[in-house]
Amino acid sequence: MAGSKSSGSPSDSSVAAEIDELRSSINYHNERYHTMDAPEIPDVEYDMIVRRLQELEAAHPGLATADSPTQAVGGAVSTAFAPVTHTVPMMSLDNAFNREELEAWATRVANGLDLASEAAPVGYVCELKIDGVACSIRYENGEMVQAATRGNGRVGEDITANVAGISVIPNKLKNAPAVVEVRGEVYMPVGVFDALNVEMEAAGLPRYVNPRNTAAGSLRQKDPSVTAGRNLHFWSYQLGLVEGGPTLGGHGDALDWLAELGLPVNPERRRVSTIDQVVAFTDNWLEHRHDLDYEIDGAVVKVDTLSRQRALGSTAKAPRWAIAYKFPPEERTTTLKEIQVSIGRTGKATPFAVLEPVFVGGSTVQMATLHNDDQVQLKDVRPGDTVIVRKAGDVIPEVLGPVLSERPKGRRKWKFPSNCPACNTQLIRPEGEAHIFCVNPVCPAQRQGRIEHFTSRGGLDIEGMGESRVALFIEHGFINDPGDLYFIDWAEVAALEGFGQTSIDNLNAALAASKTRPLANLLVGLGVRHLGPSGAEALAGHFGHIDAIIDADAESMAEIDGVGPTIAQSVAAYFATPEAEQLVDKFRRAGLNLEGPVRSEAPQTLDGMSLVVSGTLDGFSRDGAAEAIKSRGGKNPGSVSKKTTALVVGAEPGASKLSKAEDLGVPVIDEAAFQVLLETGQLPTTNE
Ligand code: IVH
């Protein structure tokens, strides 16, 4: 792509040509991002093109022009909404991509303030950089009168009716001055985005690509009721024009004031005085970014003192007193080399992309799931395409879609293979299923998948028995099913290349340890369709022995809390097969634990309640507290909402959960009150 060209020592005309190409590329991507809400390339690649243009313009000042996109903010103003001229321009931010660039910015700030002669440290406010859509909202005498997008920074679009329907943004402010303009980011919470995509998939429609684009599209709807139905949220982070407000000394004070006015201000903000503290803030959020229910793409660092901000001023595009510290990207483009199909333990055929390796989301990715045939067809990715790959946190890498502008004419659509790549049996798509299956019970790929699943963490957790060893042992005929693992002839293994006595001893120890795992793990390890850890726990806890589960019929299993008819039927059908009978027999002969702890039914004191736990409790681990709540009929979601019965706080609770509980009037209780609640179902009475 244009941003990765090397400069060498080019002639003036080749530089001019590259500059031209970069400018038109940036204008094109600006239009896609800001006007169409449909960016084609990830932010990091856009940033790289802009960087390249900035460098060339700096090295060749004669070629810099006033209309270059490096001199402007955002995109063109669309005509779909009425124009709004911003009283105070809505600026963009300069970026720092590493610590050195952050320090270079801090040095420019200190020099700009002539701080050598001043003793006081600069003082910064660190904030999260929300990946959403910038918006300016104007209140007059406390009433919302106008809301606008950023547009080109000077003129935005009037989206008042849409913003008025966003429930977290107040239409009236408390104790407001004559005029206050607040700037912030409208975003779509990840939970809302995921739920929307579940609906899309159920309706056979293409998934939305990411929360930012979806928020942008939702905000710029012609029908405000569509926006209102999308459950958008907002964090305020900057003041625009203010008339008649209090005298504020610092940006931190301004944010506190916005919160007092009743506006949502992100609690994860911090005043600090050194760059080391800034870096501690950014490092912490780089690690914890996925603990939040909204996407961030970095941190924003602002000089706190407002008089210092004024002294530093701005360039044409961005203030000198602030910097965006960008996190490494979670989306990149790369080439889709081919699409292959893998067969899982249940025979499910999953298409996946084989990629030109790309560093994204902290690791090199060369394969990514494509989910199922419908998704491949809806995304219409074709071998040879440039595609956008996303890897966020622990989530497995995913191909989001093709970059259509880079697809040559005549590239053929991909077709799902008709036969199993492992056993050549014809693949089948059962009626009403989103997935295609290999139904050959002796398919080698399924066998491999079943044994790997059995040895995995969620199953019997047999260390050292991973994909390649399982494949090797199958290949040599040592194992055909998980039960065979316990009857391997180690003398034959010792004859294989690469197997010393130490490896064999370690494998034997791991197999011996696996024999004592809880019954629920064994049940999960069997890979029965629909049976996950909680269903397995429920069965083990209720029946106490695998034989009792084998003897039970589907109706009696379905009555158990946490099981239900789908799991019950699947489990009953599984244990009716001769393969299951033989397998359990091998487990019995090998001496595996087949007994489960019989659970005494706890009284359902929390029926209908929803408790959120934050911080460390003395008497419960995180999982233990969740178990205590659920076993008494309560729910234990990860975040506070209007439906939360109480927030239980231990040591060092999360600031965002606490402030949300306070905002929503959700009772906050300590561990002692939690104990009482578990036993009696009663919340402590308050003396208010
Ligand atoms: S301050 C004059 N603070 O990032 C300063 N911006 O890449 C205006 N953004 O245009 C921006 N979180 O849309 C600021 N805490 C934050 C932010 C933030 C996200 C967005 C905003 C801005 C863009 C710049």
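The values are calculated or read from the model by the stated rules, or taken from the named source; none is laboratory data. Keep in mind that this is a model prediction, so the values were computed, not measured. Positions of Cβ are generated from backbone atoms using ideal geometry, with glycine treated the same way; all protein chains shown enter the neighbour counts. Quick note on the areas: whole protein, heavy atoms, side chains included, nothing else; ligands and nucleic acids left out. Shrake-Rupley method; radii C 1.70, N 1.55, O 1.52, S 1.80 Å.
Mind computing the radius of gyration and Dmax over the alpha-carbon atoms of the chain? Å is fine for both.
29.6, 87
Angle check, please: helix 444-455 long axis (alpha carbons) against the longest principal axis of the chain (alpha carbons), in degrees 0 to 90, nearest 10.
Roughly 80 degrees, rounded to the nearest 10.
Stretched out fully, how many nm does the piece from VAL598 to ASP158 gain, at 0.36 nm a residue minus the Cα gap?
152.1 nm
In the range 362-446, which trypsin sites (Lys or Arg not before Pro) are in a loop and have at most 10 other Cβ atoms within 10 Å, using DSSP for the loop call?
For trypsin sites (Lys or Arg not before Pro) across the range 362-446 that sit outside H, G, I, E and B with at most 10 neighbouring Cβ atoms in 10 Å, the list reads LYS409, ARG412, LYS413, LYS415.
Say a paramagnetic label sat at a point 7 Å from the Cα of SER307, along Cα to Cβ; which residues of the range 118-145 have their backbone N under 16 Å from it?
118-123
Taking amide H atoms as placed 1.01 Å from N in the peptide plane, list the residues 5 or more away in sequence, or in a different chain, whose amide H sits under 5 Å from that of VAL360.
VAL365
Ordering ILE296, ILE396 from largest to smallest accessible area (1.4 angstrom probe), what's the sequence?
Largest to smallest exposure gives the sequence ILE396, ILE296.
Just subtract the alpha-carbon distance of ARG382 and GLU31 from 0.36 nm times their residue separation and send over the number in nm, one decimal.
Once the chain is fully extended between ARG382 and GLU31, it gains 123.8 nm.
For the range 399-504, I need the span (max minus min coordinate) of the C-alpha atoms along each principal axis, in Å, sorted largest to smallest.
Ordered largest first, the range 399-504 gives principal extents of 58, 34, 26 Å.
Once R0 is set to 25 Å, what does the formula 1/(1 + (r/R0)^6) return for the Cβ-Cβ distance between SER405 and ARG108, expressed as a FRET efficiency to the nearest 0.05?
It comes to 0.10.
Enter the angle in degrees (range 0 to 90, nearest 10) between the Cα long axis of helix 12-30 and the first principal axis of the Cα atoms of the chain, meaning the one along which they spread out most.
Computed tilt is about 70 degrees.
Taking only DSSP H segments of four or more residues, each worth -39500 (n - 2.57), what value at 222 nm results for the chain once the sum is divided by all its residues, to the nearest 500 deg cm²/dmol?
Per the formula, -10500 deg cm²/dmol.
Which residues among the range 30-50 fall inside the zone where the amide N is under 15 Å from a point 7 Å beyond the Cα of VAL226, along Cα→Cβ?
Once the point is set 7 Å along Cα→Cβ of VAL226, 36-38 turn out to lie under 15 Å by backbone N, inside the range 30-50.
What nm distance separates the two modelled labels at LYS415 and GLU260, each placed 7 Å from Cα along Cα→Cβ?
According to this spin-label approximation, the distance is 7.0 nm.
Using a Förster radius of 22 Å, what is the FRET efficiency between THR346 and MET367 based on their Cβ-Cβ separation? Nearest 0.05, please.
With a Förster radius of 22 Å, E is 0.65.
Would you mind getting me the FRET efficiency between ASP293 and LEU63? Use the beta-carbon distance for r and R0 = 56 Å, nearest 0.05.
Approximately 0.80, to the nearest 0.05.
Go through the range 80-148 and name the GluC sites (Glu not before Pro) that are in a DSSP coil and have 14 or fewer other Cβ atoms within 10 Å of their Cβ.
GLU118
Between HIS530 and ALA203, what is 0.36 nm times their sequence separation minus the Cα-Cα distance? Round to one decimal in nm.
115.5 nm
Just in the range 421-522: which GluC sites (Glu not before Pro) are loop by DSSP and have at most 15 other Cβ atoms within 10 Å?
Here the sparse-neighbourhood loop sites are GLU431, GLU433, GLU463, GLU497.
Between LEU115 and GLU662, what is the label-point separation in nm under the 7 Å Cα-to-beta-carbon projection?
So the two model labels end up 3.0 nm from each other.
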